[in-house]
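First comes the structure, then the notes that go with it.
The values are calculated or read from the model by the stated rules, or taken from the named source; none is laboratory data. Computed from a predicted model, the values in this text were never measured in an experiment. Here Cβ is always computed from backbone atoms with ideal geometry, including for glycine, and neighbour counts include all displayed protein chains. Side chains are part of the model used for accessible areas, which takes the heavy atoms of the whole protein and leaves out ligands, DNA and RNA. Shrake-Rupley method; radii C 1.70, N 1.55, O 1.52, S 1.80 Å.
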Amino acid sequence: MAAATAAASSEEAVKAAKVLMVGAGGIGCELLKTLALSGFSDIHIIDLDTIEVSNLNRQFLFRQSHVGQSKAKVARDAVLKFRPNINITPYHANVKDSNFNVDFFKQFNVVLNGLDNLDARRHVNRLCLAAEVPLVESGTTGFLGQVTVHVKGKTECYECQPKPVPKSYPVCTITSTPSKFVHCIVWAKDLLFAKLFGDKNQGNDLNVHSKDDSSSKTDVFERSVDEDLEQYAQRIYDHVFGYNIEVALDNKETWKNRRKPNPIYIKDALPEDAVQQNGRSRDHMNEEQDPSAMVSLGLRNSQEIWSLAENSRVFLEALKLFFEKREKEIGSLIFDKDDQLAVEFVTAAANIRASSFGIPLHSLFEAKGVAGNIVHAVATTNAIIAGLIVIEAIKVLKGDYQDYRMTYCLEHPARKMLLMPVEPFEPSKSCYVCSETPVVLEVNTKTTKLREVIEKVIKSKLGMNLPLIMVGATLVFEDGEDLEEDEIANYALNLEKVLAELPAPVLNGTTLTVEDFHQELKCSINIKHRDEFDEEKEPDGMVLAGWSGPVDKQITSNGENRSVPSSSNTEDVDGTAEDISAKPGMKRKLNEILEAKENFDALENPSDVGSSSAQVVEDDDDDELVMFDEDPRQSKKKRLQ
């Protein structure tokens, strides 16, 4: 009888629910299908993206004929074919648009996230907190996945736990002392490719002075009008892989405790007759086919590791093809993982540089994965996670908060189980988002401009989109669309002033009040003056304490992030595991969960590239990487009673 009553209660809750889905990609397609088949009848979907060919292997609501169309709209049409009597409202838009405000969110009973980036996740988390609407989060990467529940006042919010944020390697590591293949990829993609084919006005850290005239202001990358393309390509090769390495070797101090690189010149890598014959097979290329160095050179297997000679040939051929076949694009190109010629060029350049520095070479397939931040998706994982989202959503709708679970999907069984349910944590008292705890900013108030604080801290780290900043009762900055011209001009002046010279001076001990009215978020920043910062360890020139900072190192490249797991993310587990496992109501004791440690550890021993730790998950829609909200091995936090 009790079971029948519970089933009826669930059915009523589902039928009456109004649900918002954010994201209609890999997880989103499975989620929409599962919601529709579970009896949900009023579903709204927001997704900014359009369908790409690469989506079709895992986003099964889409077909080849849908390429280029809105994901949200096509997903709706596909589901209505087998559930025609339900209401699905699609929005082909950005969830950060102003019309998706707190009032919009308040109309829903639950919000289900299938997003592909940290910024949008934080934004949705804040809107759900302000609207007091429960949020169910999710993510997958390969065979790994997670589902977490966030209810204001009952569980931690999405931002209570640390999340990865972009962290750039020091320029000197990329330009002078690479030690991993990923360093070579960043160099090839963000420096060399950008210098040769991108915006010429963009800053670049490559040495542009030639061996013959190092004092000249002439840029060695500039091609003279009458210069033969073959000679130009060889000159660039010798400059970046030969001369620049020799220049780096002049700094004896750098190489005292490091392996010295070997300069590579074209004459060392390729015999002269091979250079002359390079690209002969391009005569067999189809003119309508996109230019490809591999096709030109007769290379077919993208999973083979090319030799130094083959990489050199691909480098020269790719460079020439850009100038011969795509000259109109030069000056405006940005690296794209779906651009075959760009991937070939970056792979070859990275491998030649890796060879110089004694770093193992990688295949084009592997290099593309690193350069494009690709972690290959598994459709089954998406389906499992979608099912778990719906299970948690039903619990939320019924108000069964004591039964909420954070569930982790593993690659390898632990005690014959692939799913790990763990009780959610209580809200963190130190979270600046849901507990309004002040954060502390160490900064040199005499040299740092307001613009730097806004860009590096308030927008980048605190995730505010349209901040308003007050010092005491003085408004020093506001961002928004409805400002008067004189206000805009006044705030623009303040942006270029150092903190100590603002109309209301910001000094040691000052408290900034920062608000984002769209997110309905308010935060206090306590300022602590500090004169000096370590350029390598603290490249921003300021340090923010009391916020959910990065757990793992990341590389930022053309606005894309790739997670590079640190050696250990685990806090003191031994003392806390026992306390937590003693708490009643857990489906599995934490000490049992800890026995799965070997499964996680196996994933935490990555090679130089392409690996991810057990805490790393991917929203497989666009191959973005995010972090598990909680590592089951960690836990100094109190769990939900």
Tell me yes or no: at least one residue of segment 75-86 is within 26 Å of the chain's Cα centre (by Cα) and modelled with pLDDT of 95 or more. yes
Given Ala131, Ala93, which one is more than 18 Å from Met464 (Cα to Cα) and either among the aliphatic types (A, V, I, L, M) or at pLDDT below 95 (or both)? Ala93
Report every pair of residues separated by at least 6 positions or lying on different chains whose Cβ atoms are under 7 Å apart, first residue within segment 233-251 and over 19 Å from Arg223 (Cα atoms), second modelled with pLDDT of 90 or more and open to solvent by 10 Å² or more (accessible area, probe 1.4 Å). Ile245/Pro263; Glu246/Pro263; Leu249/Lys260
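Results for (1) in the same structural domain as Pro539 (by the TED database); (2) open to solvent by 40 Å² or more (accessible area, probe 1.4 Å); (3) under 30 Å from Ala386 (Cβ atoms), shown as yes or no for each residue.
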site: Asp479; (1), (2), (3): yes, yes, no
site: Glu484; (1), (2), (3): yes, yes, no
site: Ala500; (1), (2), (3): yes, no, no
site: Pro503; (1), (2), (3): yes, yes, no
site: Gly509; (1), (2), (3): yes, yes, no
site: Phe517; (1), (2), (3): yes, yes, no
site: Leu521; (1), (2), (3): yes, no, yes
site: Ile525; (1), (2), (3): yes, no, no
site: Lys528; (1), (2), (3): yes, yes, no
With respect to Asn204, is the statement that it is outside the structural domain of Glu411 (by the TED database), crowded, with 16+ Cβ neighbours inside 10 Å and at pLDDT below 85 true? yes
Taking segment 126-145 as the search range and keeping residues that are within 22 Å of Leu32 (Cα to Cα) and part of a loop (DSSP other than H, G, I, E, B), which one is most open to solvent (accessible area, probe 1.4 Å)? Phe143
Those residues of segment 252-270 which are closer than 21 Å to His209 by Cβ, open to solvent by 20 Å² or more (accessible area, probe 1.4 Å) and within 35 Å of the chain's Cα centre (by Cα) amount to Thr254, Pro263
Restricting attention to segment 468-499, which residues are within 21 Å of Lys522 (Cβ to Cβ), hydrophobic (A, V, I, L, M, F, W, C) and not in a loop (DSSP other than H, G, I, E, B)? Leu468, Ile469, Met470, Val471, Leu475, Val476, Phe477, Leu499
Residues in segment 173-186: is at least one on the phi < 0 side of the Ramachandran plot, without any contact (Cβ under 8 Å) to a residue 12 or more places away in the chain and among the β-branched types (Val, Ile, Thr)? yes
Report, by residue number, each residue of segment 416-445 that is of a type in the set (D, E, K, R) and in contact (Cβ under 8 Å) with a residue 60 or more places away in the chain. Glu423, Glu426, Glu436, Glu442
Among the residues of segment 429-467, write down those that are assigned to a strand (DSSP E or B) and surrounded by fewer than 19 Cβ atoms within 10 Å (Cβ to Cβ). Val440, Glu442, Lys449
Count, please, the residues in segment 10-30 that happen to be part of a helix (DSSP H, G or I), more than 22 Å from the chain's Cα centre (by Cα) and of a type outside the set (Asp, Glu). 5
For segment 87-98, indicate whether the set of residues that are open to solvent by less than 90 Å² (accessible area, probe 1.4 Å), acidic (Asp, Glu) and within 27 Å of the chain's Cα centre (by Cα) is non-empty. yes
Taking segment 293-346 and keeping residues crowded, with 20+ Cβ neighbours inside 10 Å, touching a helix residue (DSSP H, G or I) at 6+ places or on another chain (Cβ under 6 Å) and part of a loop (DSSP other than H, G, I, E, B) leaves Phe335
Just to be sure before I move on: is Glu515 in a loop (DSSP other than H, G, I, E, B), within 31 Å of the chain's Cα centre (by Cα) and in contact (Cβ under 8 Å) with a residue 12 or more places away in the chain in the structure I sent? no
Would you mention how many residues in segment 361-385 are assigned to a helix (DSSP H, G or I) and either within 11 Å of Thr141 (Cα to Cα) or modelled with pLDDT of 90 or more (or both)? 12
Inspect segment 146-156 for any residue being hydroxyl-bearing (Ser, Thr, Tyr), under 20 Å from the mean Cα position of the chain (by Cα) and either outside any helix (DSSP H, G or I) or surrounded by fewer than 23 Cβ atoms within 10 Å (Cβ to Cβ) (or both) and give the result as yes or no. yes
